[in-house]
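Visitor: Right, I'll just put the structure down here and ask away after.
The values are calculated or read from the model by the stated rules, or taken from the named source; none is laboratory data. This one's a predicted model, so the numbers in the text were calculated from it and none came from an experiment. Here the Cβ positions follow ideal geometry from the backbone for every residue, glycine too, while neighbour counts run over all protein chains shown.
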Amino acid sequence: MPDGLESESRKLLGRLRDTMAEEAAGQARLDKICALTADSMGTEVCSVYLFRDDETLELCATEGLNPEAVHETRMKLGEGLVGRVARTGKVVNTADAPAEKGFRYMPETGEEIYSSFLGVPVQRLGEKLGVLVVQSKEKRQFTADEIYALEVVAMVLAEMTELGAFVGEGAALKARHTRPALIRGTTGQEGTAEGHVWLHEPRVVVTNLVSDDPETERTRLHAAVEELRISVDELLAGASGDADQVQVLEAYRMFANSKGWMRRMEEDIARGLSAEAAVEKEQSQARARMSQVSDAYLRERLQDLDDLSNRLLRNLTGQGRETGADLPDDPILVARNIGPGELLEYGRKLRGVVLEEGSVGSHAAIVARALAIPLVVHATRITNEALNGDQIMVDGDQGIVHLRPDDTVVSAFRDKMAMQAKAQERYASIRDKPTVTACGTQLHLHMNAGLMTDLPSLAGSGAEGVGLFRTELQFLVRNQMPKRTELAALYARVLDAAMGKRVVFRTLDIGSDKVLPYMKPNDEPNPALGWRAIRVGLDKPGVMRMQLQALLRAANGRPLTIMFPFIAQYDEYRLARAEVDKAIERETKLGHAIPETLEIGAMLETPSLAFAPRRFFEEVEFLSIGGNDLKQFFFAADRENERVRRRYDTLNVSFLTFIEGIVARCEDTGTPLSFCGEDAGRPVEALCLASMGLRTLSMRPASIGPVKSLLMRCHLDQVREVILEARERGEQSVRASVMAYLAENA
Ligand code: PEP
Ligand code: MG
């Protein structure tokens, strides 16, 4: 790049910095930036357009256009050339603007006399803030250097906007992060919560954007990158064995050594940016690209670059995760993503969790569900929008987040929470009553659990026992395989807390989405159909034997119930059961106490098991339908895939008929049957399952009240009749018919 241009650019940035430092109202600053830019670029016009709302841009300052049009001229996203820059995030550079497709002339601005047009997006970390434009009468195409210079001004503008430099008296600009925002995501865990934002990873704030000492900045950048390289190498040295982690770190190393990345940042510094501003400029561009690529691999790499930039920014600014802020009393955790261990560390202190990424089946979601904390995942842009301490309301039922809500939203939300609290009070009044329906049928409601912290709910919810204890959670939240003694102590505490109520311990159900951090992951084309649960247990019996021994020791003579997950055929049950027999033999030889009664059952999670030989049904001591998995295999619809997971209704007649068949087979052989998938905790679904003959349902503790309340008001025989008639009529799902019945009768 020619030296002259470099120093021009530095000069402009220097003048921008002085403007920023001056005591001036926001609007005056913005006006001055326009004047300086037009002057420096030799154009008659320089204008700033900023977003008023998601769809509307407003002319907020100008040099050269009619000043009366400021804050009057507005355009829609995509409208005219400015709207095109805003929509596409791409530069528009033309010598003959009126001849451009989509050109729209705004008469009030007086822009008709300007022929050349250069517009660049104003964006920060992938967030579109507006458009910066220069125009001139002379018909000319702008050079690459001029485009670059305008982009740098746009970046400074974006940073200054973020820092609130344009707020204040006379400014029509509102401070950033002050407006209410409604953010839509996906339900990770139902429930509602109100509180204040706690950022898991607070943003790095860059205040020094401009520097006129490029040598010093280059040295700082090199030192920070070197520090980063060393730390990545150290991490790599310590990460051997964990394929995923190694892959990510190698991608980090590749970027840290990337010449292109370094060169671009050095050029930015040569033009007058500080080292951190140069890093952030690269990061912003990577984010903008990220929002446009659909290729998952490429997105992940851009994500790596984003993480790396954050580390580099922390090195440069010395800002760590600790900001000195105190955890609010009612914290709602906001993060791009979080590991299960980290989430558990916060534990029940949290009122809610909002993740920008995450997924319904992620480990963090499993933990949030176990902790019964409302969770919204896929909350787009939340980490950019939210600031520590912002008021926030999380609607886990709808998958919606209200950030900095206005008064009407606050009162509507509080009404909803109050109604839910009232309903909870109503449920408390029936908590200790048996679940007997209006037609006199007795049902049994149990709860699902997985953590020690779940156990107090046993008394609080009125559950008759623990119908499913997911033992894998203990394995998932650790960094290494738990020891037998640790597990035995933990299971013993679970049994102590249950005070004689039945606890169904499900043996380790890993694989598919549940990957243990310390076990080498298998690269499987189809993990949900792959090496998981009992398949792992039987092929590598070491862990299963250790777990069975821990369970027997924990029981120490007390009754014990064990359930094997994902049994697809009779043989798998027989082999697993043989392991229990061997474990008992070993314990007996060692002189340890043997459970007074021992029940061994299986989960029915694949359609194949419903058609197992009669002998299986006679032999197994109980069965529990794992509806989450069973449904995904029945409809061939991945339970973790947002596109398909809600496509088939649980109340689809095919599925209910299938359930009816399983009930009939169990009645025939006298095999106790329960249902422990998520659907058991949804009142209408639970009612239909009961109407098809299920008598034991196991669900999240918070669901017991609502399910019980509905069941107690209903006649199962009548609901069954409604279902059978709907089936007769050829309805695909019985939902509408059942809802119509309930509207009249319940
Ligand atoms: C199920 O599949 O329904 C079940 C209860 O097990 P999990 O959700 O843990 O796979
Ligand atoms: Mg399952």
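Visitor: Against the conditions (1) out of contact with any Pro (no Cβ under 7 Å at 6 or more places or on another chain); (2) of a type in the set (A, V, I, L, M); (3) within 16 Å of ligand 1 (Cβ to nearest atom); (4) at pLDDT below 95, where does residue 515 fall short? Just the number, please.
Guide: (1)
Visitor: Could you give every pair whose Cβ atoms fall below 9 Å, whose first residue belongs to segment 213-224 and is surrounded by fewer than 19 Cβ atoms within 10 Å (Cβ to Cβ), and whose second residue is among the polar types (S, T, N, Q) and in a helix (DSSP H, G or I), counting only separations of at least 6 or pairs across chains?
Guide: Listed by first residue and then by second, the contacts come to 223/315.
Visitor: Which one is surrounded by the fewest Cβ atoms within 10 Å (Cβ to Cβ) among residues in segment 709-746 that are of a type outside the set (A, V, I, L, M, F, W, C) and closer than 30 Å to residue 425 by Cβ?
Guide: 744
Visitor: Name every residue in segment 598-621 that is part of a loop (DSSP other than H, G, I, E, B) and within 16 Å of ligand 2 (Cβ to nearest atom), in order of residue number.
Guide: Answer for segment 598-621, where residues must be part of a loop (DSSP other than H, G, I, E, B) and within 16 Å of ligand 2 (Cβ to nearest atom): 605, 606.
Visitor: Applying the selection to segment 630-649, what residues are free of Cβ contacts under 8 Å to residues at least 40 places away in the same chain and within 18 Å of residue 726 (Cβ to Cβ)?
Guide: Result: 648, single match.
Visitor: For segment 587-597, indicate whether the set of residues that are out of contact with any Ser or Thr (no Cβ under 9 Å at 6 or more places or on another chain), assigned by TED's automatic domain parsing to the domain that holds residue 540, of a type outside the set (S, T, N, Q) and outside any loop (DSSP other than H, G, I, E, B) is non-empty.
Guide: yes
Visitor: Since residue 123 meets every condition but one in (1) crowded, with 20+ Cβ neighbours inside 10 Å; (2) at pLDDT 90 or above, which condition does it not meet?
Guide: In the conditions (1) crowded, with 20+ Cβ neighbours inside 10 Å; (2) at pLDDT 90 or above, residue 123 misses (2) alone.
Visitor: Any chance you could count how many residues in segment 667-683 are away from ligand 1 (no atom under 16 Å from the Cβ) and in contact with a helix residue (DSSP H, G or I) (Cβ under 6 Å, 6 or more places away or on another chain)? Let's see the steps before the verdict.
Guide: Within segment 667-683, the subset away from ligand 1 (no atom under 16 Å from the Cβ) is 667-672, 683.
Filter once more, so that each one left must be in contact with a helix residue (DSSP H, G or I) (Cβ under 6 Å, 6 or more places away or on another chain): 669, 671, 683.
So the count comes out to 3.
Visitor: Oh, and also: Under 6 Å between Cβ atoms, at least 6 apart or on separate chains: pull out the pairs that start in segment 602-614 with a residue that is among the β-branched types (Val, Ile, Thr) and end on any residue that is within 13 Å of ligand 1 (Cβ to nearest atom) and not in a loop (DSSP other than H, G, I, E, B).
Guide: 606/633
Visitor: Now for a different question. Taking segment 508-525 on its own, how many of its residues are out of contact with any strand residue (DSSP E or B) (no Cβ under 6 Å at 6 or more places or on another chain) and within 16 Å of ligand 2 (Cβ to nearest atom)?
Guide: 7
Visitor: With 529, 575 as the choices, which residue is at pLDDT 95 or above and either away from ligand 2 (no atom under 16 Å from the Cβ) or not hydroxyl-bearing (Ser, Thr, Tyr) (or both)?
Guide: 575
Condition check ((1) within 16 Å of ligand 2 (Cβ to nearest atom); (2) of a type in the set (A, V, I, L, M); (3) in contact (Cβ under 8 Å) with a residue 40 or more places away in the chain) across all residues:
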{"site": "463", "(1), (2), (3)": "no, yes, yes"}
{"site": "474", "(1), (2), (3)": "no, no, no"}
{"site": "483", "(1), (2), (3)": "no, no, no"}
{"site": "502", "(1), (2), (3)": "no, no, yes"}
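Visitor: Shifting gears a bit: So, residue 487, is that one over 25 Å from the mean Cα position of the chain (by Cα), within 14 Å of residue 450 (Cα to Cα) and away from ligand 1 (no atom under 16 Å from the Cβ) or not?
Guide: Details: over 25 Å from the mean Cα position of the chain (by Cα): yes; within 14 Å of residue 450 (Cα to Cα): yes; away from ligand 1 (no atom under 16 Å from the Cβ): yes.
When the stated conditions are applied, residue 487 passes them.
Visitor: Filter segment 517-535 for residues that are among the aliphatic types (A, V, I, L, M) and buried (at least 21 other Cβ atoms within 10 Å of the Cβ); which is nearest to the chain's Cα centre (by Cα)?
Guide: Going through the qualifying residues, I end up with 533.
Visitor: Now for a different question. Among the residues of segment 425-470 satisfying the criterion of being aliphatic (A, V, I, L, M) and within 16 Å of ligand 1 (Cβ to nearest atom), which is nearest to residue 487 (Cα to Cα)?
Guide: Of everything passing the filter in segment 425-470, 451 is nearest to residue 487 (Cα to Cα).
Visitor: Testing residue 440 on (1) loosely packed, with under 13 Cβ neighbours inside 10 Å; (2) modelled with pLDDT under 95, one condition comes back false. Which one is that?
Guide: (2)
Visitor: What is the one condition in (1) surrounded by 14 or more Cβ atoms within 10 Å (Cβ to Cβ); (2) not in a loop (DSSP other than H, G, I, E, B) that residue 478 does not satisfy?
Guide: Condition (2) is where residue 478 drops out.
Visitor: Can you confirm whether residue 575 is in a helix (DSSP H, G or I), within 16 Å of ligand 1 (Cβ to nearest atom) and touching a residue at least 12 places away in the same chain (Cβ under 8 Å)?
Guide: Numbers: in a helix (DSSP H, G or I): yes; within 16 Å of ligand 1 (Cβ to nearest atom): no; touching a residue at least 12 places away in the same chain (Cβ under 8 Å): yes.
Taking the combined requirement at face value, the residue does not satisfy it.
Visitor: List the strands (runs of 3 or more DSSP E) that sit entirely inside segment 9-128 and contain at least 1 residues that are over 22 Å from residue 179 (Cα atoms).
Guide: Here the list reads 45-51, 56-63, 92-94, 116-124.
Visitor: Give me the helices (runs of 4 or more DSSP H) completely within segment 623-696, filtered to those with at least 1 residues that are more than 16 Å from ligand 2 (Cβ to nearest atom) and among the aromatic types (Phe, Trp, Tyr), ordered by residue number.
Guide: Correct list: 653-669.
Visitor: Give me a count of the residues in segment 438-465 that are assigned to a loop (DSSP other than H, G, I, E, B) and within 22 Å of residue 710 (Cβ to Cβ).
Guide: 8
Visitor: Then there is this: Would you confirm, using the coordinates I've provided, whether residue 652 is without any contact (Cβ under 8 Å) to a residue 24 or more places away in the chain and either surrounded by fewer than 18 Cβ atoms within 10 Å (Cβ to Cβ) or away from ligand 1 (no atom under 13 Å from the Cβ) (or both)?
Guide: Considered against the rule, which asks whether it is without any contact (Cβ under 8 Å) to a residue 24 or more places away in the chain and either surrounded by fewer than 18 Cβ atoms within 10 Å (Cβ to Cβ) or away from ligand 1 (no atom under 13 Å from the Cβ) (or both), residue 652 comes out as no.
Visitor: Determine which member of the set 600, 584 is in the same structural domain as residue 484 (by TED's automatic domain parsing) and either surrounded by 19 or more Cβ atoms within 10 Å (Cβ to Cβ) or under 39 Å from the mean Cα position of the chain (by Cα) (or both).
Guide: 600
Visitor: May I pose another question? Can you pull out every residue in segment 523-572 that is in a loop (DSSP other than H, G, I, E, B) and within 20 Å of residue 629 (Cα to Cα)?
Guide: 524, 525, 526, 530, 531, 532, 533, 568, 569
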